[in-house]
Amino acid sequence: MIFIAVGTTLSGCISPGSQINFHHYSQETVSTDEVEKITEEITQLSNEWNQVPITKDIDHLKRIWADDFSFTVHDTGDVSDRKGGFAYFEDDTDTYTSARLTAFKVRVYGKNFAVANGDDHYVGKDKDGKPFSRKGRFTCTWVRQNGKWQVVAGHGTWLK
């Protein structure tokens, strides 16, 4: 429920006129140390994102979601932008007591391009006080822009 989360194929994710050149990213040589550092950074950012239902730290999302961020919503299949994503968290009436990532993996394709995916698990109570335990799966496409890692696109789905 990293929204709650994010997955995508690269085709169709970039808006017309975008300045991102994925061919450039995939051709960069990345040392083992760089891969480890990038993996740690994206893992930390993802863990903080995963906690937003509890912390309500919308500022964290403002830092890690690119201006042209899009997300395919887990339960409806709708595509949301940054504004819709912020509203999703701000308007959420559920109370969360636990949020954690599992089976999380980062694949680094260059100094400025990575894809992360994994599972998330949320526990809490809905607006009517009914307990819930929700598990989801997501994929996030990360691009380093202006020196900081940001999510440009993603997709999440609930697991039964």
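Overview of values
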{"read-out": "Checklist (1) assigned to a strand (DSSP E or B); (2) under 29 Å from Val30 (Cβ atoms) applied to Arg63, failing item", "value": "(1)"}
{"read-out": "Only listed residue being surrounded by 17 or more Cβ atoms within 10 Å (Cβ to Cβ), modelled with pLDDT under 95 and among the hydroxyl-bearing types (Ser, Thr, Tyr), chosen from Tyr88, Tyr122", "value": "Tyr88"}
{"read-out": "Those residues of the range 96-124 which are within 13 Å of Asn47 (Cβ to Cβ) and β-branched (Val, Ile, Thr), in sequence order", "value": "Thr102, Val106"}
{"read-out": "Test result for Phe132, under 15 Å from the mean Cα position of the chain (by Cα) and either at pLDDT 95 or above or farther than 30 Å from Ser31 by Cβ (or both)", "value": "no"}
{"read-out": "Some residue of the range 110-118 being over 16 Å from the mean Cα position of the chain (by Cα), part of a strand (DSSP E or B) and buried (at least 17 other Cβ atoms within 10 Å of the Cβ)", "value": "yes"}
{"read-out": "Where Thr97 falls short, out of the listed (1) out of contact with any Asp or Glu (no Cβ under 8 Å at 6 or more places or on another chain); (2) among the hydroxyl-bearing types (Ser, Thr, Tyr); (3) part of a loop (DSSP other than H, G, I, E, B); (4) at pLDDT 95 or above", "value": "(3)"}
{"read-out": "Of residues in the range 84-94 being in a loop (DSSP other than H, G, I, E, B) and within 21 Å of Lys62 (Cα to Cα), the one farthest from the chain's Cα centre (by Cα)", "value": "Thr93"}
{"read-out": "Filter result for Thr76 (surrounded by fewer than 16 Cβ atoms within 10 Å (Cβ to Cβ), at pLDDT below 95, more than 24 Å from Ile58 (Cβ to Cβ) and hydroxyl-bearing (Ser, Thr, Tyr))", "value": "no"}
{"read-out": "Residue in the range 50-60 that is surrounded by the most Cβ atoms within 10 Å (Cβ to Cβ), counting only those that are polar (S, T, N, Q) and part of a helix (DSSP H, G or I)", "value": "Asn50"}
{"read-out": "Odd one out for Val151, checked against (1) without any contact (Cβ under 8 Å) to a residue 40 or more places away in the chain; (2) under 18 Å from Asp57 (Cβ atoms)", "value": "(1)"}
{"read-out": "Odd one out for Arg107 among (1) at pLDDT below 95; (2) out of contact with any Gly (no Cβ under 9 Å at 6 or more places or on another chain)", "value": "(1)"}
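The values are calculated or read from the model by the stated rules, or taken from the named source; none is laboratory data. Everything numeric here is computed off the predicted structure, so don't read it as measured data. Quick reminder, even Gly has a Cβ in these numbers, built from the backbone with ideal geometry, and neighbours come from all protein chains shown.
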